[in-house]
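Take a look at the structure below.
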């Protein structure tokens, strides 16, 4: 097809058969939609609702832990809450939020008309609420909800299961199907739908991180499906994969689970890297420092993530060689991660910085994620991990990387693109309140957990020794404050959708990227014909 | 997509199939969850019916969704680029299927290399063997588990060997069918594809026979006969399910060929079914080596 045909194409038949359909109205619009922006919105709202649900559970957990002794909930229900809190935040909040960003932004950033497989895109989203309905329904059953931790170690989830394993397993199967289809869609969109002239090394780093994340998902979600299937047959059909009496091994569960679980950790952080690699250059009014090294660092982290899984299992009695191998591989990850942190700082170096809310969240991300990274390095050292394993130090570590890491990046991205999504500027004062309240309370919430862990407080317990009482009180106060602060965000978003100052096509003077070449709010269909070459050249994140 | 070429990309209009599919998956998962839980509690409930209704609904959805896609394809809405999207999507789907099997093969290797020898006292596990399972000897196939369950191992000669020959031959005939399609030799296409289906169905029948043999009093090889039975039935079982699915795909392709669908340069669906068939064939070869022979 020649260039002449392009023009002709886009003006007649093209519009007749594909882009003529506008929005449907009412509920049907959302149920039947094939539009990447609609589906992105659905993902984002779903993630936020799940975030509040999981957060409410965390509030109960912190209320119970406010003082020693058992006050509010039974230990078994406490275990159900910690388990479902973890599952919801991982599979229901962080991952769908990132998929929402991917849906909204990737087609616009690469100049594509939509995601490559729009109907499958709809299916990927709509099976998620059903999966969580199944998971949450077990709260109302005789068995109660899963109570074996979000890592569902055998034999807690097999021999000693409270009877919720089947619902848990089938819910996870659906979440896995959703993730795999979503990831295939992202990969195919990026490989096949880039606008002419948008080469791989010209793609925004945001797109690169989602590209690599999607590969991780396709590779490990089926392994999760495999391990929960073995769990199901062990619990209900008499197999003994994780039972020594029949020749199996409970530790094998941990190997297979963490072979999924560790790449999963990076699935939840690589997109965050992509988001702050977009916002930091925008508010530093510079190009991203070391674009290519960012791409290679992201790829290295992804590859290394497949050979570090057993660092979650140092205390299971692995052979010494195994402990050393996994310790060194894990520490190796600090190198590409360090490259990234260096590049973000170097991007800000001598930049013309301004501190809009997305930038505030991004800077907080860089500092606090690095703290989480450092505590990760401490946990990576086998002999030290023997002391830290299963204590609140671990809880502090992964909440620093997941809350002040992933979640803060999600807020940075949400504030950055809200004008593009809604056509209005968000309320600046309220958003600053949201940031500062979150920043202070989140540190009050998670920082003392380091000390609790070092002092030996185990995780996943409803009661604790008296010596931990003071820190736990402060942690709980931080927790309630952080939980309430998130409601400010809800208010900001609703206000922003309903009205506010009209946003120009490009509200941030330092922003680059194709998404800023279209109007705000973004039209229902964008880039039905590819963007002009000069726009693609301008969107290049390389330093010039 | 690196050159100047740009074709219009077909973005389908709103569709009700995905939400029907979502409801169907919910019914399957929730029904199965109830069914399995009731089974464990020795109660009877509605789980099984919900599961069956869900399966019926998902079949309805697949038929409807694929009819839409076939119609769009036949009316020429798909560009070359769209075809690429489908191809890449199918390849990554098959890759995800490979990773599913990797989990089970990984479990098999872990059991054989680590856990069974350790239970017998290998490595630094002398105490495990001596104190916990003094009567246990580590051998593979594990015909006597640590807790004393005994079973018999399935040999590789006979049915499994016949099945290997059948499936490998079917991969070749599927390739011939594709070559015939590329040469626009419709007669050859129909014949080779038909032969592939016959070989596939024969494979499934023999697999059922083999299971019946395993479950007979003579062999007593059950799903719950320790890790040998576990890995044997789950690996061959999931493979068998994939072969069945592949066969259904091939039968649909054959019916479409009879209706005159597919041209030498537009036959993604046929290609996808044939890729899938080669994939189940490769998995079988791995199974034959690691489950049956070694």
Enter the angle in degrees (range 0 to 90, nearest 10) between the Cα long axis of helix B:186-214 and the first principal axis of the Cα atoms of chain B, meaning the one along which they spread out most.
20
For chain B: relative contact order, % (alpha-carbon pairs under 8 angstrom, 6 or more apart)
15
Which order do peptides A:218-226, A:164-172 fall in by mean Cβ count within 10 Å, highest first?
A:164-172, A:218-226
C-alpha center-to-center spacing [segment B:92-143, segment A:20-44] in angstrom:
49
With only alpha-carbon atoms counted, please give the Rg and Dmax of chain B, in Å.
23.3, 73
Honestly segment B:87-182 on the Cα gyration tensor test (a ≥ b ≥ c root eigenvalues; a/c under 1.5 rounded, otherwise a/b vs b/c for prolate or oblate) is just oblate
Over chain A, what per residue volume does the convex hull of the Cα atoms give, in whole Å³?
155
Helix-only estimate, please: 222 nm mean residue ellipticity of the protein assembly as shown, summing -39500 (n - 2.57) across DSSP H runs of length 4 or more and dividing by its residues, to the nearest 500.
-22000 deg cm²/dmol
Label point distance in nm, residue B:218-residue B:255, each placed 7 Å from Cα along Cα→Cβ
3.9
With 10 Å bins from 0: P(r) over segment A:313-434, alpha-carbon pairs, percent
12, 33, 28, 16, 9, 2
Any chance you could give the angle, 0 to 90 degrees and rounded to 10, that helix A:408-422 forms with the longest Cα principal axis of chain A?
30
Which order do peptides A:514-526, A:319-331 fall in by mean Cβ count within 10 Å, highest first?
A:514-526, A:319-331
Length-normalised contact order of chain A in % [C-alpha pairs under 8 Å, at least 6 apart]
18
Ranked highest first by average number of other Cβ atoms within 10 Å, how do A:417-426, A:368-377 line up?
A:417-426, A:368-377
Using a/c under 1.5 as the rounded threshold, could you call segment A:263-383 rounded, prolate or oblate? The axes a ≥ b ≥ c are square roots of the C-alpha gyration tensor eigenvalues, and prolate needs a/b larger than b/c, oblate otherwise.
prolate
Can you compute the modelled spin-label distance between residue A:141 and residue A:381, with each label point 7 Å from Cα toward Cβ, in nm?
4.5
With R₀ set to 45 angstrom, the calculated FRET efficiency between the beta-carbons of residue B:266 and residue A:60, to the nearest 0.05, is 0.20
Between the Cα axis of helix A:428-454 and the main Cα principal axis of chain A, the angle (0 to 90°, nearest 10) is 30
Using 1/(1 + (r/R0)^6) with R0 = 35 angstrom and r between the beta carbons of residue A:502 and residue B:71, what's the FRET efficiency to the nearest 0.05?
0.20
To the nearest 0.05, the calculated FRET efficiency linking residue A:436 and residue A:328 through their beta-carbon distance, R0 being 30 Å, is 0.15
Which value in nm describes the separation of the simple spin-label points at residue B:135 and residue A:321, placed 7 Å from the Cα toward the beta carbon?
3.5
Cα gyration tensor, segment A:57-120 - rounded (a/c under 1.5), prolate or oblate
prolate
How well do other chains shield peptide A:110-116, expressed as the mean number of their Cβ atoms within 10 Å of each residue Cβ?
3
Would you give the gap between the C-alpha center of segment B:197-266 and the C-alpha center of segment A:251-290, rounded to a whole Å?
40
Hydrodynamic calc, segment A:371-520: Kirkwood Rh from Cα pairs, then Stokes-Einstein at 20 °C with viscosity 1.002 mPa s, so D in µm² s⁻¹ is 123
Across A:183-191, the residue-averaged tally of Cβ atoms belonging to other chains within 10 Å stands at 4
Averaged over B:146-156, number of beta-carbon atoms from partner chains that fall within 10 Å:
2
Relative contact order of segment A:148-279, pairs being alpha-carbon contacts under 8 Å that are 6 or more residues apart, as %
33
May I ask for the distance between the Cα centers of segment B:27-41 and segment A:390-439, given as a whole number of Å?
39
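Coordinate-derived values only; no laboratory data. All values reported here derive from a predicted model rather than from experimental measurement. Reconstructed Cβ throughout: ideal geometry from the backbone, glycine too, with neighbour counts over all protein chains shown.
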